[in-house]
Amino acid sequence: MKLFPVRGGVHPDYRKERTAEAAIVALPLPKALYLPLQQHIGAPAEAVVEAGQRVLKGQLLALAGGPVSAPVHAPTSGLVAAIATMTAPHPSGLAQPTIILEPDGREEWAALPPPIPDPFAADPAVIRARVADCGIVGMGGATFPSAVKLALGTEHKLDILLLNGAECEPYLTCDDRLMRERAEAVLDGARIMAHALGAARVVVAIEANKPQALEIMARAAAALADVTVVKVPAQYPMGSERHLVQAITGRETPARKLTADLGVVVHNVATAQAVREAVRFGRPLLSRVVTVSGGAVAHPANVEAPLGALVSDLVDFCGGLTTPPRQVVNGGPMMGQPLPSLAVPVVKGMSGILALTAAETNEQPSEPCIRCGTCVTICPCGLVPVEMAAFIRKEDIDGAARLGVQDCVSCGSCSYICPAHIPLVHFFNYAKGRLAEKAREARRTDRVRQLVEVHNTRLDKLAAARAAQAAAVEAARAEAAKATGATGQGGAS
Amino acid sequence: MSQFIVRSGPFTHAPTSVRATMGLVLVALLPATAFNLWLFGWPALFMFLATLIFCLLAEAGCLILAKKPLMPSLGDGSVALTGWLLAMSLPPWAPWWICLLGAIFAVVLAKHLFGGLGQNVFNPAMVGRVALLVSFPLQMTAFVSARPLGSAAAPGFGQSLGMIFGHTPWPDQVSAASALGYVKTELSRGVPVTQSMHHLPDLMDMALGLHPGSFGETSALLLLLGGLLLLARRVITWHIPTAVMGSLFVLATLFHAVDPGRYAGGLFHLLSGATFLGAFFIATDYVTSPVTKKGQLVYGCGVGGLTWLIRTFAGYPEGMAFAVLLMNALTPIIDHHFRPRAFGRTPQGDPLPLKDRT
Ligand code: SF4
Ligand code: SF4
């Protein structure tokens, strides 16, 4: 298949060899599971169980809290110990409602919804409903509810389901292992999703640095006429949706549009596998594969962990830490989030736990910008990071917005490469936060203005009514006075 | 979105640094520098060292006055590079006070008064060169013919020390004009270029560097070697050097074809004066050149074109330094007008139109 060039990008040190050959291993059931109600983008789920209640594996614990939301299920059978607020794996380190489940070790399954007999003959709406009920979200880290994304086919004419196996972040190998160990399942899930989307073709994009995955997936796809496996160059951030679509189709998604407008929807390989489990077996999303790596981890591994297991459980399972890490990261080192501590649970979007040493993070104090222009050359979004940062430094957020800071995908390439070690992405995240706040503020003042207007109209109406009434009274009184006057006059005359 | 951004990624960083970048540029300058040290002998070495040391001292002085720490600024290689480039653009036997004044112009005036590294609008080394050229035209065009180290005509160690730091007179018949200067003087006397060319070193010698000129700019080939190293290590890209030399070459060739008696040819312009040093090492100065590729092409063409204009029509035989400074002044405007096209947007910044799919 012909590939198209993608502008910019960097070639980070991938460091995948530490776990690339580590087959997926299951984490032994921990003593407690901590399930935050918000593991996805959208409204938090609403708990439907109570403390003290016994639940079975796969049982619904919390219901989707709205059209864009995802339910949470019990990863194993046990007792709901409490519903408490707890620190979630989120950079803010803010606490959020969390269901605490104590496994009983019996792994007793709840009654699951029946398999959908022939998914390729099923109504897409049925598949979407199943995916929604099973709590599946984008497992590449985006955590957008998958059912909502599968509904894109209702408004768009779609050609391609692009299965994202690029895994362009350094260190991470969980998708690589999934493709190598469960190729058939991944492809089956992808084809089910393509059917739900109404897309005729599945294209699997895998970066060139995963030759085994490429080979195994190609072999698994050989018999499938509708599936193509494509080798894309190892170039960060190849796995970014819009850039991957450009590499495959040669087309650039216009700003403020979706790849679906070009007829392409991108899903992650782990999501495909989860969809298959849901559709073929009625199993909700209960676990995921996490790459546990980094120089501070004794035995890096790919661990299949039940959702809610603590990060510390996984780290201990991998032999613990050999040295205190400089930074623990949720996800990949380029776009991942810093973890506030190891006492946070594994959530649906957690693809990696990286305990990085100072040598690996290679942080240096920042120096003055020498205007080398490297950040401009490598920005995959065609932005001018050096100038945006200059504006933001002067607190000129609107200036940065004019230069397109909102188009920045926070891929981290510019910060990664900057010889002056300027934390560019930090500046951009700050600016984006400020702009979002401003937009909220504007909406709020708009809302207030509306309310005030409504209130004023009501007052006006009231005043008008009162005036009318007063006028009527006045008129009536005048009328009466005239009448009495007339009589009076008459009487006087 | 939360305002609570503790730390943003990435949590890994390329092994790049300002120091490493500057270091590479210095390495790339080594071959031409070493060759010219040999060519112009002990006085050139003293001049070179004096310029470097004066620049480092000026930097240290500015940092102390500004109450800034000496490190890492002094050690990041940027001021060493400024000094090195300044030395390369001075006459090989320039006296110590020229070096000192040059260092003050370059480091104090052009760099620190603008706010230090990264803030200066004008290339410091070129500010030094031009300020000196305007103030001391005689000393700044006192070029010498080659007296290679070890040859009988080369001044000795002690004599050289005296020439740079004292009043020891120069050996006889050493003064020589640069090729550009010679052609210009002859032209003003009515001698056509076609004739004056016969009295110049042939193009091969020019390329090798065996001709009078500023300390570091005579050897086109060795400068090219350094430039290729910078290209290979991606310190610079092809845009600026190609645009500078391309525009200079095209203009010169065109006019030469029209009137060979009045205008020197393209190859002559490429191999003379500061063309190679300027195209690879001076016009490419990060701080004072545009950051976008399109902008760099425009800027490079500006430098090349202006160089030709000044060499051909202005009072000075060499125009590279002036051209660079003029384009430096335009850099912010160029950067503003030649931004790359953002992903998914038209060059004007609107979202791309959604084409119909068939
Ligand atoms: S990469 Fe860093 S030093 Fe270079 S221009 Fe960008 S911000 Fe400045
Ligand atoms: S500006 Fe944004 S999109 Fe561009 S390289 Fe930096 S982080 Fe990536």
Only one of B:Gly315, B:Gly302, B:Gly344, B:Gly319 is of a type in the set (Gly, Ala, Ser) and within 10 Å of chain A (Cβ to nearest Cβ), namely B:Gly344
Considering only strands (runs of 3 or more DSSP E) wholly within the stretch A:221-311, the ones with at least 1 residues that are buried (at least 23 other Cβ atoms within 10 Å of the Cβ) and over 21 Å from the mean Cα position of the chain (by Cα) are A:227-232, A:287-293, A:301-306
In the stretch A:411-432, anything within 9 Å of ligand 1 (Cβ to nearest atom) and either part of a loop (DSSP other than H, G, I, E, B) or not polar (S, T, N, Q) (or both) is listed as A:Cys414, A:Ile417, A:Cys418, A:Pro419, A:Ala420, A:His421, A:Ile422, A:Leu424
Those residues of the stretch A:380-398 which are touching a Phe, Trp or Tyr at 6+ places or on another chain (Cβ under 9 Å) and facing chain B (nearest Cβ under 10 Å) amount to A:Pro380, A:Cys381, A:Gly382, A:Leu383, A:Pro385
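Here's the yes/no breakdown for (1) out of contact with any His (no Cβ under 7 Å at 6 or more places or on another chain); (2) modelled with pLDDT of 95 or more; (3) within 14 Å of ligand 1 (Cβ to nearest atom):
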site: A:Ala355; (1), (2), (3): yes, yes, no
site: A:Glu360; (1), (2), (3): yes, no, no
site: A:Cys372; (1), (2), (3): yes, no, yes
site: A:Cys379; (1), (2), (3): yes, yes, yes
Considering the stretch B:207-258, residues that are among the small types (Gly, Ala, Ser) and free of Cβ contacts under 8 Å to residues at least 12 places away in the same chain, and then whichever is surrounded by the most Cβ atoms within 10 Å (Cβ to Cβ), we arrive at B:Ala257
Filtering the stretch A:105-127 down to residues that are in contact (Cβ under 8 Å) with a residue 40 or more places away in the chain and either acidic (Asp, Glu) or part of a strand (DSSP E or B) (or both) yields A:Glu107, A:Glu108, A:Trp109
Filter the stretch A:349-370 for residues that are more than 16 Å from ligand 2 (Cβ to nearest atom) and among the hydroxyl-bearing types (Ser, Thr, Tyr); the one that is nearest to the chain's Cα centre (by Cα) is A:Ser351
Note: among A:Glu367, A:Glu360, just one is at the interface with chain B (Cβ under 7 Å from one of its Cβ atoms) and buried (at least 22 other Cβ atoms within 10 Å of the Cβ), namely A:Glu360
Original post:
Any chance the stretch A:204-220 includes a residue that's free of Cβ contacts under 8 Å to residues at least 24 places away in the same chain and small (Gly, Ala, Ser)?
Top reply: yes
Filter the stretch A:152-183 for residues that are modelled with pLDDT under 95 and part of a helix (DSSP H, G or I); the one that is nearest to A:Gly352 (Cα to Cα) is A:Leu152
Per the list (1) more than 30 Å from A:Ser410 (Cα to Cα); (2) among the small types (Gly, Ala, Ser); (3) within 14 Å of chain A (Cβ to nearest Cβ), residue check on B:Ala14 breaks on (1)
Log entry, pairs with first residue in the stretch A:392-411 being free of Cβ contacts under 8 Å to residues at least 12 places away in the same chain and not assigned by TED's automatic domain parsing to the domain that holds A:Thr253, second being in a loop (DSSP other than H, G, I, E, B) and more than 16 Å from ligand 1 (Cβ to nearest atom), beta carbons closer than 9 Å, six or more apart or on different chains, reads A:Arg402/B:Gly349
The lone condition A:Asn429 fails out of (1) within 16 Å of ligand 2 (Cβ to nearest atom); (2) under 20 Å from the mean Cα position of the chain (by Cα); (3) in contact (Cβ under 8 Å) with a residue 40 or more places away in the chain is (3)
The residue from B:Gly261, B:Gly295, B:Gly246, B:Gly278 that alone is among the small types (Gly, Ala, Ser), closer than 23 Å to B:Ser196 by Cα and either modelled with pLDDT under 95 or away from ligand 2 (no atom under 16 Å from the Cβ) (or both) is B:Gly261
Every listed condition ((1) of a type in the set (A, V, I, L, M, F, W, C); (2) within 7 Å of chain B (Cβ to nearest Cβ); (3) in contact (Cβ under 8 Å) with a residue 12 or more places away in the chain) holds for A:Cys414 save (2)
So the helices (runs of 4 or more DSSP H) completely within the stretch B:215-286 holding 1 or more residues that are out of contact with any helix residue (DSSP H, G or I) (no Cβ under 7 Å at 6 or more places or on another chain) and among the small types (Gly, Ala, Ser) are B:220-232, B:239-258
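Yes or no, residue by residue, for (1) more than 14 Å from chain A (Cβ to nearest Cβ); (2) touching a residue at least 60 places away in the same chain (Cβ under 8 Å):
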site: B:Pro72; (1), (2): no, no
site: B:Thr82; (1), (2): no, no
site: B:Met88; (1), (2): yes, yes
site: B:Trp93; (1), (2): yes, yes
site: B:Asn123; (1), (2): no, yes
site: B:Val134; (1), (2): yes, no
Within the stretch B:347-357, of all residues that are within 9 Å of chain A (Cβ to nearest Cβ) and not hydrophobic (A, V, I, L, M, F, W, C), the one farthest from B:Arg129 (Cα to Cα) is B:Arg357
For B:Gly116, the lone unmet condition from (1) buried (at least 17 other Cβ atoms within 10 Å of the Cβ); (2) at negative phi is (2)
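The values are calculated or read from the model by the stated rules, or taken from the named source; none is laboratory data. Keep in mind it's a predicted model, so treat the numbers as computed, not measured. Using ideal geometry, Cβ is built from the backbone for each residue, glycine included, and neighbour counts are taken over all protein chains shown.
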